[in-house]
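Right, one structure below, let's go through it.
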Amino acid sequence: MNPLLADLLQVLKLERLELDLFRGESRDPGHRRVFGGQVLGQALTAAYATVEGRDVHSLHAYFLRAGDPDHPIVYEVDRSRDGKSFSSRRVVAIQHGEQIFHMSASFHAAEQALDRQGDMPQVPDPESLPDIDTAIEELQRKAPDWPRPFRIPRRAFDFRPAELPDPTAEIPREPGMKIWFRLKDRAPDDAILHRCLLAYVSDYYLLGAAAMDARMADERETLQMASIDHAMWFHRPARADEWLLYVVDSPTASGARGFARGSVFSRDGRLVASTAQEGLVRRLA
C-alpha cells in the first residue's frame with residue numbers, strides 16, 4: 001500500500017478510551033497546525049463507532065481553535081438521540097484541555113424512495129490531465145507575478161484539476177474550480193471508512209476558492225486564512241479510491257469571510273455529496 005495512504009488510515013483509526021471517548025493521532029500537513037479534514041474525518045469515525053445499522057447523511061461542524069499537530073486529539077461523543085429511522089450525535093474535539101472543534105452528525109437507516117439529481121459538468125477525463133503540482137507550475141510560468149499558492153507536500157490523494165482560474169484574467173466575481181481526486185492506492189472495502197475519507201478530503205480547496213479573489217491580488221503572507229465552519233451532505237455511496245470530481249465555487253465574500261460550496265460527483269455522473277464552508281479571509285495590517 002502507498003505509505004501516505006497507510007499513514008492516513010492510521011490517523012483515522014482511533015483508540016477507544018471509554019464507551020464514548022476516543023483518541024486520535026495528529027499530523028502536520030506543513031503549516032504547523034492540524035488539517036481541518038483530519039479533524040472532520042476523525043470526528044466522523046468517532047461518531048460512527050456509536051451507531052449501528054445507519055449511515056451518515058449530514059454533518060455540521062465548527063473549527064474553534066487551531067489544532068496542535070504534535071499532540072493527539074480526544075473526541076467525546078454525545079448520543080443525542082436514536083429514533084426509529086434517524087440517529088443524532090454530537091462530537092467535541094479536545095486538545096490541551098480546550099475544545100478545538102465540535103460537530104453534529106445525523107445518521108439514517110436506508111430507505112427506498114425518490115432518486116433525482118442535476119447533471120455533472122462536462123470536463124476532460126482525469127487521465128488526460130496533469131496533477132495539481134504540474135498545473136500550478138504551468139500557471140506560475142504563465143503569470144510569474146501571481147502569488148504562489150500554498151502547497152501540501154505530502155498527501156494521500158491524487159488531485160488533477162480540470163479547471164483552474166486564469167491568473168492573467170480579471171479577478172473573478174465568483175471564483176471556482178473543478179478538480180478530479182482519488183486516493184493514491186486502493187483502500188479497504190469498508191463503506192464507513194470511505195465516507196470518513198470523503199469527509200477528510202472535502203476540506204481541500206473550499207477555503208482556497210473562498211479566498212481566491214484575495215489570493216490573486218495579494219501574497220499569502222499578507223492574508224490571515226482559516227476555516228470557520230464546514231457542512232456536508234452524503235447523498236449516495238462512493239469510494240474515495242475511485243475518481244471523483246469536486247466542483248467548487250464561491251458566490252460571495254464579505255466582512256472578512258468568504259463562502260464556498262462544492263458538489264462531488266462520481267465518474268459515472270452520480271452526485272455523491274455536497275459541501276459548504278465559510279472561512280476567514282482577513283488582510284493583515
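What follows draws every value from the coordinates through simple rules; no lab data is involved. Computed from a prediction, not measured in an experiment: that's the story for all the values here. A quick note on method: Cβ atoms are made from the backbone with ideal geometry, for glycine too, and the neighbour counts reach across all protein chains shown.
Given +1 on the Cβ of Lys and Arg, -1 on the Cβ of Asp and Glu, and no further charges, what dipole in debye does the chain carry about its Cα centre, rounded to the nearest 20?
Dipole magnitude for the chain comes out near 360 debye.
With a sphere of radius 12 Å drawn around the Cβ of His230, what net charge do the other residues whose Cβ falls strictly inside it have (Lys, Arg +1; Asp, Glu -1)?
-2
Assigning unit charges at the beta carbon (Lys, Arg +1; Asp, Glu -1) and nothing else, what dipole magnitude in debye, to the nearest 20, does the stretch 124-285 show about its Cα centre?
320
I want to verify a result. In a Gaussian network model of the chain, Cα cutoff 10 Å, which of these has the top mean-square fluctuation: Pro237, Pro69, Pro144?
Looking only at Pro237, Pro69, Pro144, the largest GNM fluctuation is found for Pro144.
How much length would be gained if the chain were fully extended between Asp55 and Gln10, taking 0.36 nm per residue of separation minus their Cα-Cα distance, in nm to one decimal?
Here the segment from Asp55 to Gln10 would lengthen by 14.0 nm.
Per residue of the chain, what 222 nm ellipticity follows from adding -39500 (n - 2.57) for every DSSP H run with n ≥ 4, rounded to the nearest 500?
Calculated from helices alone, the mean residue ellipticity at 222 nm is -5000 deg cm²/dmol.
GNM, the chain, Cα, under 10 Å: largest mean-square fluctuation among Ala93, Ala66, Ala143?
Between Ala93, Ala66, Ala143, it is Ala143 that shows the largest mean-square fluctuation.
Expressed in nm to one decimal, what extension gain is obtained for the pair Arg257 and Leu64 from 0.36 nm per residue of sequence separation less their Cα-Cα distance?
Here the segment from Arg257 to Leu64 would lengthen by 68.0 nm.
Provide the net charge surrounding Gly67, with neighbours chosen by a C-beta distance below 12 Å and charges set as Lys +1, Arg +1, Asp -1, Glu -1.
With Lys, Arg at +1 and Asp, Glu at -1, the neighbours total -1.
Out of the GluC sites (Glu not before Pro) in the stretch 82-182, which ones are loop residues according to DSSP with at most 14 other C-beta atoms within 10 Å?
Glu111, Glu170
Charges on Cβ only, +1 for Lys and Arg, -1 for Asp and Glu, centred on the Cα centroid of the chain; of Ala187, Ala256, Phe159, which one is farthest towards the dipole's positive end?
Checking the options against the dipole of the chain, the answer is Ala256.
Taking the dipole about the Cα centre of the stretch 1-109, with the C-beta of Lys and Arg at +1 and of Asp and Glu at -1, give me whichever of Thr45, Pro72, Leu19 is farthest to the positive side.
With unit charges placed on the Cβ atoms, the residue in question is Thr45.
Stokes-Einstein diffusion coefficient for the chain at 20 °C in a medium of 1.002 mPa s, Rh from the Kirkwood formula over Cα pairs: what value in µm²/s?
In µm²/s, the coefficient is 110.
Using a cut-off of 10 Å between beta-carbons, work out the net charge of the residues near Tyr48 (Lys and Arg +1, Asp and Glu -1, Tyr48 not included).
Once all neighbours under 10 Å are counted, the net charge is +1.
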